[in-house]
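The values are calculated or read from the model by the stated rules, or taken from the named source; none is laboratory data. The structure presented is a predicted model; accordingly, all values stated were derived computationally and were not measured. Don't worry about glycine lacking a Cβ; one is built from the backbone with ideal geometry, like all the others, and counts go over all protein chains shown. The area values use the complete protein model at the heavy-atom level, side chains included, leaving out ligands, DNA and RNA. Shrake-Rupley method; radii C 1.70, N 1.55, O 1.52, S 1.80 Å.
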Amino acid sequence: MSDAKNIKALENSSVELTLTLPAARIEEDYQKSLAKYVKNAQIPGFRKGHVPASVLEKKFGESLRTETTFDTMEAFLKEELEKLDDAQKPLPYCTPVLQDEEKLLPFKKDTDVTFSVKYDVKPQFELPQYTGMKLTIPNVKVTDADVAKELDKLREQNAMVVDKKDRVAEDGNIVNIDYVELDKDGKEVKASERKDFTFTLGSGYNYYEIDKEVAGMKVGETKTIEKNYPKEFKTADLAGKTVTLKVTLKSVKVKDVPALDDEFAQDIKEEYKTVADLTKATREKLEKQLADKLSDDKFDKIADELAKNVKIDLPQSMVDLELDRDWSNYIRQTGLSEDQVLKFLSFQQKDKAALQNEWKADAEKTLRVQLVMDKIKEKENFTVSPEELEKAEKEQLKDVTDENQKKYYRTLLEEDLKFNKVSDFLEANNTFTPDKEMSFDAYVNGQAATEAAK
């Protein structure tokens, strides 16, 4: 029987388990296997099932002993692993690897076999401080200006695009043009022709950047534009050149932005009767966005501290699994096949291994935080109420009909619910002090780094 003396700790939370398989167990299994071969063997000169065991042993004895001994070792290993404490068992996704296999051969009759396997175990570590920490977060509030900006955005989203009454193009108008380059003789360069090109005047979102030249034109007007481009112009094909264009303005449209009144509020949602109702709901939506962002930021701050202050020897198999998950997520997010992604990476002189190497530090940090949180869950002994579990079951297990499967998934679901309590516990048991003032827009819309640099 295996015990702690059989296990040698190695680097990166891996161990080497050494076992001695008794000769009697080997011989018992060998004889069973030999009897099976005798029953089914077909050798010229003998009827099926009547081949003497001595003949079979002489012909196949060594290979049969090798095969059956390895099978017995595998079965023995499984039995002994079950007897180990959970901390000494292999990780679920890690297969024990037999060491120095060649030194075990050839197997000899009536001889014990001592062999070793190497595998990864769950890392053992001391919890860092996880309560009573003093951390800072940005000082952000939802202002009246933020609410007004959101309402203006809502009005823009509900604006109608209509023809401009005076039909004259100016900045901010949506224009539709035909254009074509002219050569030095004034002839059209057909390859450059573009019909029904639409853009917002003043945005610069057109190849030739002719916003200023189109401004002032009237619908139906055709204009010849000669434009000189500086040597440092951003488009290399145009830099340092003079281009002549023939441009026809086909339409000019403007956005008809609705007024912020009770009618508009009712159009947005039937339950809103007045502008005050819409304004109140808009503020509540922004407050919720801010609260969610602050909660995420608080957790990130805690996670940084936990990852920085804990010492964990991560098993390689655990890191590899996390990187494989990252790779699968990356493939899914691109919307491409794996072959297409690999081809794209090859254009950048990269491959999967290079990309995963770039992700490795973040993957290891994620694992350290997850392991710490899992251990906090165990230490704090969080519980899940019957009501919480029942609600989660209805939401997540509604399509599971097999009772045995449902029982299994219910156990996993309960553990997930306990794990989810860790982040709320950490946020409630650490102190967060508002630091640098920051606008709502910069903080919530991801411009924090830019504003902080100013």
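Among the residues of the range 192-218, count how many are open to solvent by 30 Å² or more (accessible area, probe 1.4 Å) and assigned to a loop (DSSP other than H, G, I, E, B). Count: 7. When the residues of the range 292-342 are filtered to those that are assigned to a helix (DSSP H, G or I), in contact with a strand residue (DSSP E or B) (Cβ under 8 Å, 6 or more places away or on another chain) and not small (Gly, Ala, Ser), the one that is farthest from Asp120 (Cα to Cα) is Leu294. From the list Val175, Val189, Val180, the lone residue that is free of Cβ contacts under 8 Å to residues at least 24 places away in the same chain and either in contact with an Asp or Glu (Cβ under 6 Å, 6 or more places away or on another chain) or open to solvent by less than 30 Å² (accessible area, probe 1.4 Å) (or both) is Val189. Applying the condition of being open to solvent by 80 Å² or more (accessible area, probe 1.4 Å) and under 21 Å from Ala145 (Cα atoms) to the range 435-444 and asking which residue is modelled with the lowest pLDDT yields Lys436.
In the range 278-302, the qualifying residues are those that are under 30 Å from Lys365 (Cα atoms) and among the basic types (Lys, Arg), and the one that is most open to solvent (accessible area, probe 1.4 Å) is Lys288.
Out of curiosity, is Asn228 farther than 30 Å from Thr366 by Cα, of a type in the set (S, T, N, Q) and open to solvent by 60 Å² or more (accessible area, probe 1.4 Å)? The answer is yes for Asn228. Counting only residues that are over 25 Å from Phe233 (Cα atoms) and either in contact with a Cys (Cβ under 7 Å, 6 or more places away or on another chain) or of a type in the set (D, E, K, R) (or both), the range 157-184 holds 5 of them. The helices (runs of 4 or more DSSP H) located wholly in the range 343-454 that include 3 or more residues which are among the small types (Gly, Ala, Ser) occupy 352-380, 448-453. Here the range 239-258 is the region considered, the condition is being small (Gly, Ala, Ser) and free of Cβ contacts under 8 Å to residues at least 40 places away in the same chain, and the residue that is least open to solvent (accessible area, probe 1.4 Å) is Ala239.
Identify all residues within the range 44-79 that are of a type in the set (Asp, Glu) and either modelled with pLDDT under 75 or touching a helix residue (DSSP H, G or I) at 6+ places or on another chain (Cβ under 8 Å) (or both); write none if there are none. Within the range 44-79, Glu57, Glu67, Asp71 meet the criteria.
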